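Peer 1: Handing you a structure now.
The values are calculated or read from the model by the stated rules, or taken from the named source; none is laboratory data. All values derive from a computational prediction rather than experimental measurement. Because the Cβ atoms are built from the backbone with ideal geometry, glycine has one as well, and the counts that use them run over all protein chains shown. Accessible surface areas use protein heavy atoms only, side chains included; no ligands, DNA or RNA. Shrake-Rupley method; radii C 1.70, N 1.55, O 1.52, S 1.80 Å.
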Amino acid sequence: MAETGKRATARAHSNIAFVKYWGNRDRRLRLPANSSISMNLSSLHTTTTVEWRDQFTQDNLTINGSAAAEGARRRVQNHLDALRARFEIDAFARVDSQNNFPMGTGIASSASAFAALTLAAVSALGVQIPEHEMSRLARLGSGSAARSIPAGFVEWHAGDSHEASFAESFAAARHWDLVDVIAIVSREHKRVGSSAGHETAASSIFQSARTATAPERIRSAKSAILRRDFERFASVVEQDSNLMHAVMMTSAPPLFYWAPLSLRIMQAVRRWRQEEGLEVCYTLDAGPNVHCICRAGAADAVANRLRGLSQGLAIASSPVGPGAYILPAV
């Protein structure tokens, strides 16, 4: 039986997808149109505290120390409603969330946010559930949050039901020393969020081809990671990123997330790898920021080359990270 009157603090990490999630087969359950592969990012995280109390009269949400906008509060409230139904409670919650990286810019802030929210909320109820179920519950708040629950390199199984759609680790964080060097082209909150974009994906004539061929890219990416085969890995990752953005650009209405600098970086990354032998590849989520995936030994060189492309370009860097976890009480 779940208990109220307790609080818990959880931390979850952003993740970067190598085979992307774009489009839902079931909007309510956030069942994805295809399975996906990702890695967690150790340096980018959300820390969330949840307190349940019978005395509260509504859910309250603060983000980075300020009261959240109504849209964000409603989205969190809807997720808490799902948890209330699952654990058969009526209490409201106070939620405080802190991010250490820009939100809404294509760095998967909703993934870490809803993974941390789910783990903190469930833990504050004093119940323990398997990781697979925690991943399923996080998915209801944000699809990619399912991938931020397990550690390291992760596969999210699309599934055809709530029970079948969850993420699990297939390699530990220490398996391969990959680093995500992120060129932060823009810190502005994107005008069209991922949730809205998922709804228009099926309007692109390329979406059916992208999802039909996704299983082969899953197999290829997973094999490349397990074998530490960077050349094969780079080929799959860049192709999948381009396919997702082709769908975005041909949806109705079209979504153009790339900025001119994004394209310059993508072209430069391919040149560095193909002509100079630098082990680096690019991928972009739903935003203009470019994730440059490389081996740890190449991270400084990649960051320096990125700065040479644009004066004042901000860079964030992260190795592979752990799964979501509870922080000690203070």
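Peer 1: In this structure, does LEU140 turn out to be under 15 Å from the mean Cα position of the chain (by Cα), open to solvent by 20 Å² or more (accessible area, probe 1.4 Å) and in contact (Cβ under 8 Å) with a residue 40 or more places away in the chain?
Peer 2: When the stated conditions are applied, LEU140 passes them.
Peer 1: When HIS132 is evaluated against the numbered criteria (1) open to solvent by less than 10 Å² (accessible area, probe 1.4 Å); (2) part of a helix (DSSP H, G or I), which criterion, by number, is the only one it fails?
Peer 2: (1)
Peer 1: Restricting attention to the stretch 38-89, which residues are in contact with a Lys or Arg (Cβ under 7 Å, 6 or more places away or on another chain) and of a type in the set (A, V, I, L, M)?
Peer 2: Those that are in contact with a Lys or Arg (Cβ under 7 Å, 6 or more places away or on another chain) and of a type in the set (A, V, I, L, M): VAL50, LEU61.
Peer 1: Ok, one more. What strands (runs of 3 or more DSSP E) completely inside the stretch 1-105 contain at least 2 residues that are small (Gly, Ala, Ser) and under 30 Å from GLN207 (Cα atoms)?
Peer 2: Of the strands (runs of 3 or more DSSP E) lying wholly inside the stretch 1-105, those with at least 2 residues that are small (Gly, Ala, Ser) and under 30 Å from GLN207 (Cα atoms) span 7-19, 36-53.
Peer 1: Still on this structure, please answer the following. Restricting to the stretch 281-309, what's the tally of residues that are outside any helix (DSSP H, G or I) and without any contact (Cβ under 8 Å) to a residue 60 or more places away in the chain?
Peer 2: Here is the first cut: in the stretch 281-309, the residues outside any helix (DSSP H, G or I) are 281-295.
Keeping just the survivors that are without any contact (Cβ under 8 Å) to a residue 60 or more places away in the chain gives 281-282.
Selection size over the stretch 281-309: 2.
Peer 1: Here's another thing I want to ask about it. Looking only at the stretch 262-276, which residues are within 26 Å of SER208 (Cα to Cα) and open to solvent by 60 Å² or more (accessible area, probe 1.4 Å)?
Peer 2: LEU263
Peer 1: Out of the residues in the stretch 62-78 that are loosely packed, with under 11 Cβ neighbours inside 10 Å and not charged (D, E, K, R), state the one that is farthest from VAL95 (Cα to Cα).
Peer 2: Per the criteria, the residue is GLY71.
Peer 1: Assess whether ALA115 counts as being part of a helix (DSSP H, G or I) and either touching a His at 6+ places or on another chain (Cβ under 6 Å) or closer than 30 Å to GLU216 by Cα (or both). Let's see the steps before the verdict.
Peer 2: Numbers: part of a helix (DSSP H, G or I): yes; either touching a His at 6+ places or on another chain (Cβ under 6 Å) or closer than 30 Å to GLU216 by Cα (or both): yes.
Considered against the rule, which asks whether it is part of a helix (DSSP H, G or I) and either touching a His at 6+ places or on another chain (Cβ under 6 Å) or closer than 30 Å to GLU216 by Cα (or both), ALA115 comes out as yes.
Peer 1: Now for a different question. Say whether the condition of being surrounded by 21 or more Cβ atoms within 10 Å (Cβ to Cβ) and not basic (Lys, Arg) is met by at least one residue in the stretch 304-312.
Peer 2: Looking through the stretch 304-312, at least one residue is surrounded by 21 or more Cβ atoms within 10 Å (Cβ to Cβ) and not basic (Lys, Arg).
Peer 1: Report the residue count in the stretch 282-302 for those that are open to solvent by less than 10 Å² (accessible area, probe 1.4 Å) and more than 14 Å from LYS20 (Cβ to Cβ).
Peer 2: The total comes to 5.
Peer 1: Looking only at the stretch 316-330, count every residue that is in a loop (DSSP other than H, G, I, E, B) and β-branched (Val, Ile, Thr) and tell me the total.
Peer 2: 1
Peer 1: Oh, and also: Do we have any residue at all in the stretch 90-100 that's touching a helix residue (DSSP H, G or I) at 6+ places or on another chain (Cβ under 6 Å), surrounded by fewer than 21 Cβ atoms within 10 Å (Cβ to Cβ) and touching a residue at least 60 places away in the same chain (Cβ under 8 Å)?
Peer 2: no
Peer 1: Which numbered condition in (1) at pLDDT 95 or above; (2) over 21 Å from ASN15 (Cα atoms) is the only one that GLY321 fails?
Peer 2: (2)
Peer 1: From ALA183, ALA209, ALA224, ALA171, which residue is at pLDDT 95 or above and either in contact with an Asp or Glu (Cβ under 8 Å, 6 or more places away or on another chain) or more than 28 Å from HIS45 (Cβ to Cβ) (or both)?
Peer 2: ALA209
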